[in-house]
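The values are calculated or read from the model by the stated rules, or taken from the named source; none is laboratory data. The shown structure was predicted, so the numbers you read here are calculated from the model rather than taken from an experiment. Here the Cβ positions follow ideal geometry from the backbone for every residue, glycine too, while neighbour counts run over all protein chains shown. All accessible areas refer to the heavy atoms of the entire protein, side chains included, with ligands and DNA or RNA removed. Shrake-Rupley method; radii C 1.70, N 1.55, O 1.52, S 1.80 Å.
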Amino acid sequence: MKITLAESAGFCFGVRRAVETVERLLRENKNVCTLGPIIHNPQLVADLARRGVQEVDHPADVPFGATLVIRSHGLPAETMREIRSRNILFEDATCPFVAKIHGIVQQAAAQGKWILITGDSSHPEIIGIRSHCPNCSSVFGSSEELDDLLKMLQKSGVTSVCVVAQTTFRIEEWKNCLKKIKMVYTNAAVFDTICNATAERQSEAARLAEESDAMIVIGGRQSSNTAKLFEICRAKCPAFLVETAQELPLDKLKNAGRIGVTAGASTPVGIIKEVLQTMTEILNNEQLNSTEAESNTSAEANFAEMLEESLKTLNTDEKVHGVVVGIAPNEIYVDVGRKQAGFVPLSELTSNPSARTEDLVKVGDEMDLLIMRTNDQEGTIMLSKRRLDAQKGWEQISAAAEDQSVLTGVVTEVIKGGLIVLCNGVRVFVPASQATASRGEALEGLLKKEVPFRVLEVNRGRRRAVGSIRSVLADQKKVLEEKFWETAEEGKTYTGVVKSLTAYGAFVDIGGVDGMIHISELSWNRIKNPSEVLSVGQTVEVYILKLDSEKKKISLGYKKAEDNPWKILEEKYPVGTVCDVTIVGMTDFGAFARVIPGIDGLIHISQISNERINKPQDVLSVGQTVTVKITAVDFDKKRVSLSMKEAAAPEASEESAE
């Protein structure tokens with residue numbers, strides 16, 4: 001006797017994802033609820049219930065604080081709206097292939113098409129689909145039901161239809177229905193939405209049933225896809241539907257030389273293994289001949305191998321092209337045109353640890369991917385974009401190291417000793433000494449910015465690349481310097497950035513070259529430190545005072561001619577002007593007074609009062625405001641003479657006249 005297990009038996013991608021979501025929440029000690037059974041397998045549902053998972057019938061029944069897991073079949077649109085309106089915590093495990101159908105029918109309904117859906121009208125997947133095209137859809141479960149439906153639609157005047165299928169619908173029946181629809185609606189928009197894993201599972205079950213004397217179909221009796229597998233198999237040979245090993249009809253299998261075994265998409269691996277093990281043990285106990293015993297032993301070994309080895313990582317290095325069909329926080333779902341449901345974990349989508357899937361891709365995006373692991377048992381294929389990008393990236397990095405070409409990348413991390421720059425999927429380390437134009441500059445400002453760099457070192461064996469931003473900046477500065485010296489001339493104005501301050505002035509970057517503003521050129525007023533006028537990083541307007549092309553030195557001016565206080569004095573304060581001034585200093589021979597900012601004049605002791613005084617302090621004090629007359633200005637020597645006596649003279653004359 002030979003026992004053959006179908007390679008596609010067991011969890012499909014959507015079911016696996018839903019169950020793993022529940023398992024993860026339980027590990028996180030969350031209170032978990034499901035709206036209806038998470039999958040159509042009573043044994044697994046019962047096990048989850050024993051572990052605390054509560055099954056509810058309505059969103060209103062979800063306990064406060066609990067997390068509701070939406071099963072792979074999806075939910076009606078109105079139910080989702082209620083869940084959100086009640087602020088219920090939820091995790092959406094709707095199969096991406098089901099969600100894709102929601103989008104298709106919603107768009108078709110908006111275009112005025114009538115939606116034809118092949119499937120079981122009472123199935124939760126169909127109920128959910130119809131909620132996205134209300135009042136414009138019909139469901140049929142067979143080609144016979146379709147006949148009556150088409151007649152009714154023609155009488156109703158329906159001229160444009162869109163056709164979709166329940167993801168677990170029978171392939172052969174789907175093909176039969178399409179032929180009839182296209183005879184009536186030649187312009188029908190047809191979408192083959194039967195899941196790839198379902199199609200392969202059904203085809204494999206049919207082939208296996210043709211080669212077998214009996215078929216065992218394992219799965220829940222409420223499971224739609226399991227029921228369809230059973231129908232397919234019993235049309236080819238005697239078939240038996242069992243939920244557990246205890247239901248095996250062993251007496252009816254004794255005379256079968258070849259037994260095929262398959263399982264529905266919601267059948268746990270443990271139940272499949274238990275069924276096969278039970279069959280093998282009983283057959284062995286009946287003392288089969290050595291040849292048969294070897295066959296059974298081989299079958300058990302083959303099963304274990306398929307079950308366990310298929311879960312191991314298989315680095316196939318095979319490239320595929322895929323289309324994004326769904327996006328979740330930690331992974332994306334991709335159609336690669338194969339029987340397996342493709343998914344790309346976030347860690348395999350990008351090397352950027354802070355990236356979000358929704359910021360990286362959108363549904364409909366196409367991309368090349370690398371196959372990382374296939375699991376025919378669960379109908380999944382794990383893919384990687386990051387590693388394929390890295391392969392291409394390493395080729396580019398290696399080439400750039402050879403020819404010293406300039407690459408660009410994004411700074412993803414600031415670490416001890418430097419930066420991590422991500423370039424085409426490759427992490428390049430840039431030492432702090434090579435990260436900025438000059439040593440000591442802060443690195444934090446470069447985070448998340450795009451930077452140019454050269455590759456200094458590549459070690460593919462250690463997966464290590466070292467780069468330099470400074471090298472590129474130095475080249476850029478050299479080009480700017482050459483351009484500057486070609487056009488520079490005294491008096492020319494530039495917009496620059498203050499790079500540093502010293503006790504004697506400020507250094508300003510005016511486009512690849514640095515010039516210095518001496519402290520005396522910063523202000524017309526006397527200042528003690530450049531920081532009184534400028535700050536590092538400030539943008540300033542400067543002009544060239546002097547150029548030394550041999551020594552490459554540039555003297556800059558900052559204070560404006562129109563702000564020159566001596567020019568202001570000449571224009572607004574001619575000799576003879578009477579004005580108020582502030583006493584700012586004292587000497588034995590007089591007092592200094594501030595005429596305007598930047599210019600102090602001298603009130604000689606003889607010009608302070610009409611009466612004789614011994615010292616200015618007898619009459620004046622620092623900070624006092626007095627009225628003076630400008631009696632003389634020496635612009636060459638920068639001297640101003642003031643007189644309090646002459647300012648008061650007219651007043652004294654008026655008093656004498658009275």
**Message:** Within the stretch 34-41, does at least one residue satisfy the condition of being closer than 27 Å to I271 by Cβ, open to solvent by 10 Å² or more (accessible area, probe 1.4 Å) and polar (S, T, N, Q)?
**Reply:** no
**Message:** Just to be sure before I move on: is L44 under 30 Å from R207 (Cβ atoms), surrounded by fewer than 24 Cβ atoms within 10 Å (Cβ to Cβ) and not β-branched (V, I, T) in the structure I sent?
**Reply:** yes
**Prompt:** Restricting attention to the stretch 598-614, which residues are surrounded by fewer than 20 Cβ atoms within 10 Å (Cβ to Cβ) and in a loop (DSSP other than H, G, I, E, B)?
**Reply:** G598, S609, N610, E611, R612, I613, N614
**Asked** Are any residues in the stretch 71-105 hydroxyl-bearing (S, T, Y) and assigned to a strand (DSSP E or B), and if so, which ones?
**Response** none
**Request:** Those residues that are touching a strand residue (DSSP E or B) at 6+ places or on another chain (Cβ under 6 Å) and open to solvent by 40 Å² or more (accessible area, probe 1.4 Å), I need them from the stretch 447-461; list them, please.
**Result:** L447, K449, E450, L456, E457, V458
**Request:** For residues that are among the polar types (S, T, N, Q) and over 14 Å from K615 (Cα atoms), scanning just the stretch 574-597, find the one that is least open to solvent (accessible area, probe 1.4 Å).
**Result:** T577
**Asked** Out of (1) within 35 Å of the chain's Cα centre (by Cα); (2) closer than 22 Å to R130 by Cβ, what's the single condition that is false for V53?
**Response** (2)
**Request:** Report, by residue number, each residue of the stretch 91-118 that is in contact (Cβ under 8 Å) with a residue 60 or more places away in the chain and aromatic (F, W, Y).
**Result:** F97
**Request:** Please go through the stretch 106-138 and pick out each residue that is touching a Ser or Thr at 6+ places or on another chain (Cβ under 7 Å) and within 20 Å of S72 (Cα to Cα).
**Result:** I117, D120, H123, E125, R130
**Fill in**
When E144 is run through (1) surrounded by fewer than 14 Cβ atoms within 10 Å (Cβ to Cβ); (2) more than 26 Å from Q222 (Cβ to Cβ); (3) not polar (S, T, N, Q), the failure sits at (2)
**Any helices (runs of 4 or more DSSP H) falling wholly within the stretch 155-268 and containing at least 2 residues that are open to solvent by 20 Å² or more (accessible area, probe 1.4 Å), more than 26 Å from E125 (Cα to Cα) and not hydrophobic (A, V, I, L, M, F, W, C)** = 196-211, 250-253
**Fill in**
Within the stretch 459-472, the count of residues that are assigned to a helix (DSSP H, G or I) and out of contact with any Pro (no Cβ under 8 Å at 6 or more places or on another chain) comes to 2
**Prompt:** Looking at the stretch 483-493, is at least one residue over 30 Å from L569 (Cα atoms), in contact with a Phe, Trp or Tyr (Cβ under 8 Å, 6 or more places away or on another chain) and of a type outside the set (S, T, Y)?
**Reply:** no
**Message:** Looking only at residues that are out of contact with any Leu (no Cβ under 7 Å at 6 or more places or on another chain), outside any helix (DSSP H, G or I) and on the phi < 0 side of the Ramachandran plot in the stretch 54-65, which one is least open to solvent (accessible area, probe 1.4 Å)?
**Reply:** P63
**Request:** Would you point out the residue of the stretch 299-344, among those that are more than 30 Å from K2 (Cα to Cα), over 21 Å from the mean Cα position of the chain (by Cα) and not in a strand (DSSP E or B), that is modelled with the highest pLDDT?
**Result:** V336
**Prompt:** Can you name the condition, by its number, that S468 falls short on among (1) under 29 Å from the mean Cα position of the chain (by Cα); (2) at pLDDT below 90; (3) of a type in the set (S, T, Y)?
**Reply:** (2)
**Request:** Select from the stretch 42-52 the residues that are within 16 Å of I271 (Cβ to Cβ) and aliphatic (A, V, I, L, M) and list them in ascending order.
**Result:** L44, V45, A46, L48
**Asked** Is at least one residue of the stretch 469-488 under 14 Å from G418 (Cβ atoms) and of a type in the set (F, W, Y)?
**Response** no
**Residue among R356, R373 that alone is in contact (Cβ under 8 Å) with a residue 12 or more places away in the chain, open to solvent by 30 Å² or more (accessible area, probe 1.4 Å) and closer than 19 Å to R16 by Cβ** = R373
**Request:** Quickly run through the stretch 113-139 and pick out the residues that are assigned to a loop (DSSP other than H, G, I, E, B), more than 33 Å from the chain's Cα centre (by Cα) and over 19 Å from N187 (Cα atoms).
**Result:** G119, D120, S121, S122, H123, P134, N135
**Members of the stretch 387-409 found to be open to solvent by less than 60 Å² (accessible area, probe 1.4 Å) and of a type outside the set (S, T, N, Q), listed by number** = L388, D389, A390, G393, W394, I397, A399, A400, A401, L407, G409
**Message:** Going by what's in this entry, would R221 be described as modelled with pLDDT under 90 and touching a Leu at 6+ places or on another chain (Cβ under 9 Å)?
**Reply:** yes
**Prompt:** For T79, which of the numbered conditions (1) surrounded by fewer than 22 Cβ atoms within 10 Å (Cβ to Cβ); (2) within 26 Å of the chain's Cα centre (by Cα); (3) among the hydroxyl-bearing types (S, T, Y) fails to hold?
**Reply:** (2)
**Asked** Of all the residues that make up the stretch 436-453, how many are under 19 Å from G512 (Cβ atoms) and either of a type in the set (S, T, N, Q) or assigned to a loop (DSSP other than H, G, I, E, B) (or both)?
**Response** 5
**Message:** Residues to consider are L534, L545, L556; find the one that is among the aliphatic types (A, V, I, L, M), touching a strand residue (DSSP E or B) at 6+ places or on another chain (Cβ under 6 Å) and part of a loop (DSSP other than H, G, I, E, B).
**Reply:** L534
**Item:** Subset of the stretch 368-385 (residues that are charged (D, E, K, R) and either at pLDDT below 85 or in contact with a Phe, Trp or Tyr (Cβ under 6 Å, 6 or more places away or on another chain) (or both))
**Value:** R373, D376, E378
**Item:** Residues (among the acidic types (D, E) and not in a strand (DSSP E or B)) located in the stretch 513-531
**Value:** E521
**Asked** What is the number of the single condition among (1) open to solvent by 40 Å² or more (accessible area, probe 1.4 Å); (2) aromatic (F, W, Y); (3) under 21 Å from A328 (Cβ atoms) that W114 does not meet?
**Response** (3)
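Here is a yes/no grid of residues against (1) more than 30 Å from V584 (Cβ to Cβ); (2) touching a residue at least 24 places away in the same chain (Cβ under 8 Å):
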position	(1), (2)
W485	yes, yes
A488	yes, yes
T493	yes, yes
A503	no, yes
F507	yes, no
G515	yes, yes
S520	no, no
V533	no, yes
T539	yes, yes
